[in-house]
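Since the structure comes first, as structure tokens, the remarks are kept for the end.
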Amino acid sequence: MRRLLFPLLLGAAAAAFAQQPPKLEPLPEPPPPPGIRDAGADEPRIRIAPAEGDRVEEMRENGRVIMLKVTPSHGVPYYLVDTTGSGNWMRRDSLDDGVRVPMWTIRTFD
């Protein structure tokens, strides 16, 4: 049994070594990286004009707009706030975030 097993394994190994690897084609050169923009260059500014009679007030911090107060001619003012600085604006009807500490007197000691 061992005499038959050794030539069989030797033949299988020789067949595996005899196989030629497939012809590989070289990869194309990668495209050049995009140009790095100057850190001081400003992004293009887009301004959407408010409707006639509306008033928009901007609050800036370090040159960036962080809050807009929009006062429509026919309604109550609302605020657009960028809390994370990522450009995602959230509408708020007031600047109060709703968390209030109760401030009433329960008991006094004399």
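Ordered by the number of other Cβ atoms lying within 10 Å of each residue's own Cβ, fewest first, ILE106, ILE66 fall into the sequence ILE106, ILE66.
Exposure proxy shown here: for ASP54, ASP96, the number of other Cβ atoms within 10 Å sets the order, fewest to most, as ASP96, ASP54.
A short reminder: the numbers here are calculations on the coordinates, not readings from a lab. Treat the numbers as computed from the prediction; the structure is a model and nothing was measured. Glycine gets a Cβ as well: all are built from the backbone with ideal geometry, and neighbour counts include every protein chain shown.
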